[in-house]
Structure formats: C-alpha cells, structure tokens
1. Given axes a ≥ b ≥ c from the Cα gyration tensor, I'd like to know whether the range 10-99 is rounded (a/c under 1.5), prolate (a/b larger than b/c) or oblate.
2. Could you give each residue of the range 201-210 its phi-based ³J(HN,Hα) in whole Hz, using Karplus coefficients 6.51, -1.76, 1.60 with θ = phi - 60°, and x for Gly or Pro?
3. Any idea which of F90, A23, N104 is furthest toward the positive side of the dipole for the range 1-108, if Lys and Arg beta-carbons carry +1 and Asp and Glu beta-carbons -1?
4. Out of the DSSP beta bridges found with both residues in the range 1-143, what percent are antiparallel (nearest 5)?
5. Count the lysine pairs in the chain whose Cα atoms sit under 19 Å apart, keeping only pairs 8 or more residues apart in sequence or on different chains.
6. Rolling a 1.4 Å sphere over the protein heavy atoms, what is the accessible area per residue of the range 9-141, to the nearest Å²?
7. Suppose R0 equals 25 Å. What FRET efficiency, 1/(1 + (r/R0)^6) with r the Cβ-Cβ distance, do Q71 and M1 give to the nearest 0.05?
8. Summarise the accessible area of the chain (1.4 Å probe, protein heavy atoms) by the percent that is carbon and sulfur.
Amino acid sequence: MVRIGVLVSGGGTNLQQLIDAQATGRLGGGEIVTVISSKPGVYALERAQKAGIEAIALSRKDYPDVEVYSQALIDALKARNVELVVLSGFLTITSDSFVQAFPNRIMNVHPALLPAFGGKGYYGLHVHEAVLSRGCKLTGATVHFANEVCDGGPIILQKAVAVQEGDTPESLQKRVMEQAEWTLLPEAVSLFCQGRLRVEDGKVSIAPAHAGENAGAAPSEGVKQ
C-alpha cells in the first residue's frame, strides 16, 4: 500500500475524484491517509471527514514565512509516512525544500496543456481567461511531478479538451475539470501506486501493466535528473 497525502485549499472537487477512486479500488493499491488544507473551514476538509480520512487545517497565516510553513508541511506528511503527495487545488506557495523532501513524489494537476499557460499567475480561472484571450482551439489538463520550477516538472499525463464557440472562462473551467482533470488525476495516482512511473532526463515513462517494481521505490531509484 502506498500512503497518500492530499494538499488542498478549497472545495476539493479533484479530491472527491480520488476519494471515489479509492472507494472503488481504482487507486492502484494506494490509500489516502491524510488531507491537509492551507485554510481552515474549506469544504475539502468536510469531504475527507465524510470519507473517514484524517482532515487537518494547517493554516498558512499561522506561520511567519514560506520556509517555516513548508517545514511544517514536511513534518506533518513525514510523521504520517506519506509516500506520495498530491496537490489538489493547493494554492499556497512552498519552498524548494518542500519539493526536495519528496523528489518525484509530489504530483500536481494543472488546467492547461503544459508548458502552455503555466507558471506564476496561471491558476484557477486565470488559466482559462488566458486560453480564451489567445483564441486557442484546444486546451486541456496536465498531471505532472512538481519540482522547483512552477508548473515545470516532468509531465505524467495530458488530455486535450476542445474550446467551443461562446465559451466563458467558467464554462471552459467546468468542461476541463469534467473531461480531463477528474480522469487524469486518479489515473496518474494509480500508475504511481502500481510502480509504473519512471523519471529519466526530465521525462516520465510509463511501464506496461504488471511490469512495475515496488511502487514506493519507483520514482526515486535509478532516476537521472
């Protein structure tokens, strides 16, 4: 079993997809052991509690700077022996030390086809506003491993979604979530938990089913950065 920690900041729609996948045996042997929010009182914490998962509010406002807050996250995750960290609408900045504490073990979902429309300032509706302002015909979602570069880590999975005439940022956001994000994130987590992901030279390869080694060792052993 791969122990999973999910970090959230809001309603937790992607978290719900992970919870549902776990309930139906689609997480590849992984188990969500904790959900940590950067804000108290968000609905994602309630989703976790309803599913019988530990729910913690680790408020960014309670810490003096990014480094101290990042260390608090590291301590909380390591105390629970978390092997895979999933950023699910987690909008709080962390330090490089956080990424370095879990090399190729932090997974993020981004509502665009990276490297397009990624990086500082591209989050939430801002991404979809930018896609529409450029007249893009296709957009989509990406699941990637996080590194020290915002939205710059190795890409695991992507799925395209058509931009439709008359789309608003809100309608496009909804369709990208429903058609791409909600499918990709549980699939990527499952692949990790099955030990089927390898990172070499900044690229992710996916081994055929049943060909992976121990899931917990998969991302960190034999990796060329």
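1. prolate
2. Using θ = phi - 60°, the values come out as 6, x, 10, 9, 10, 10, 6, x, 4, 6 Hz.
3. A23
4. 10 percent
5. Values: K39/K50; K39/K61; K137/K159; K137/K174; K159/K174; K159/K203; K203/K224.
So the count of such lysine pairs works out to 7.
6. 46 Å²
7. 0.40
8. 50 percent
The values are calculated or read from the model by the stated rules, or taken from the named source; none is laboratory data. None of the values given here were measured: they were computed from a predicted structure. We place every Cβ from the backbone using ideal geometry, glycine too, and count neighbours over all the protein chains shown. These accessible areas exclude ligands, DNA and RNA; they are computed on the full protein's heavy atoms, side chains included. Shrake-Rupley method; radii C 1.70, N 1.55, O 1.52, S 1.80 Å.
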